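Participant: Could you have a look at this structure, given as structure tokens, before my questions?
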Amino acid sequence: MSKVWVLTQGSYSDYHIVGVCSTQEAAEALEAADSSVYDKTEVEEWELDACVVELEVTVDVYRTADGLFSDWTERVSVAEEAMFQARTQPGGRWVKNVGGEMVTAGEMVRVTVSGNDHDRVRKVASERKARVVAEFDILMAIVDDGERWRAVSALEGS
């Protein structure tokens, strides 16, 4: 991968880039020429095109008086690297806004899948959602018995 050398100054909210060089030697020469005491210039080595676009899908399956429903949310972010992850968390309670107040209203299972292979992320999320819907009552019975670990194991296929 190609690299650049970035000259920076400051810290926290004052952190900023003052220059970018194509060689380490050029960056170090500029750093050495810096005579400021307070905002000392530092050199950072950055790889070009090293980021990936990660997709995170969250599916909440929940029960209301009218039956089972689900919400599908996709969030895209840029990351240095993306590792495929899938989690299923049973036994939560979903909360909704009723007249300005947050009210706990029923049983919920959350599926979260993330990675940089977007097709795989959506496929796994869809398959896990289907399994949660099919086994919702069994999972909630396990959780109500206080055996959350058993419910997680069942969902994870262990």
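The values are calculated or read from the model by the stated rules, or taken from the named source; none is laboratory data. From a predicted model like this one, the values you see are computed outputs, not experimental measurements. Cβ coordinates were reconstructed from backbone atoms using ideal geometry, including for glycine residues, and neighbour counts include every protein chain displayed.
Participant: Assess whether ASP71 counts as being of a type in the set (D, E, K, R) and part of a strand (DSSP E or B). Don't jump to the end; show me each part of the working.
Facilitator: Values: of a type in the set (D, E, K, R): yes; part of a strand (DSSP E or B): yes.
Spelling it out, ASP71 is indeed of a type in the set (D, E, K, R) and part of a strand (DSSP E or B).
Participant: From the set of residues in the range 32-47 that are surrounded by 14 or more Cβ atoms within 10 Å (Cβ to Cβ) and modelled with pLDDT of 90 or more, which is farthest from VAL76 (Cα to Cα)?
Facilitator: Among those that are surrounded by 14 or more Cβ atoms within 10 Å (Cβ to Cβ) and modelled with pLDDT of 90 or more, it is THR41.
Participant: Restricting to the range 48-90, and then to whatever is charged (D, E, K, R) and loosely packed, with under 15 Cβ neighbours inside 10 Å, can you tell me which residue is nearest to LYS3 (Cα to Cα)?
Facilitator: ASP49
Participant: Consider the range 1-37. How many of its residues are assigned to a loop (DSSP other than H, G, I, E, B) and under 21 Å from LEU48 (Cα atoms)? Explain how you work it out, then say what you get.
Facilitator: First pass over the range 1-37, keeping only residues assigned to a loop (DSSP other than H, G, I, E, B): 1-2, 10-11, 15, 22-23, 34-37.
If we keep only those that are under 21 Å from LEU48 (Cα atoms) too, we end up with 1-2, 15, 22-23.
Looking only at that region, the number is 5.
Participant: Checking VAL78 against (1) out of contact with any Leu (no Cβ under 7 Å at 6 or more places or on another chain); (2) outside any loop (DSSP other than H, G, I, E, B); (3) not assigned by TED's automatic domain parsing to the domain that holds PHE136, which single condition isn't satisfied?
Facilitator: Status for VAL78: all satisfied but (3).
Participant: What single numbered condition from (1) touching an Asp or Glu at 6+ places or on another chain (Cβ under 9 Å); (2) at pLDDT 70 or above; (3) not acidic (Asp, Glu) fails to hold for ARG128?
Facilitator: (1)
Participant: Tell me which residues, restricted to the range 55-99, are basic (Lys, Arg) and at pLDDT 85 or above. Quick ask: steps written out before the conclusion?
Facilitator: Taking the range 55-99 and keeping what is basic (Lys, Arg), we get 63, 75, 87, 93, 96.
Residues satisfying the conditions are ARG75, ARG87.
Participant: Let me ask another. Is there any pair linking a residue in the range 69-90 that is farther than 16 Å from ARG120 by Cβ and aliphatic (A, V, I, L, M) to one that is modelled with pLDDT of 85 or more and exposed (fewer than 13 other Cβ atoms within 10 Å of the Cβ), with Cβ under 7 Å and at least six apart or on different chains, and which?
Facilitator: Within 7 Å, the pairs are VAL78/VAL53.
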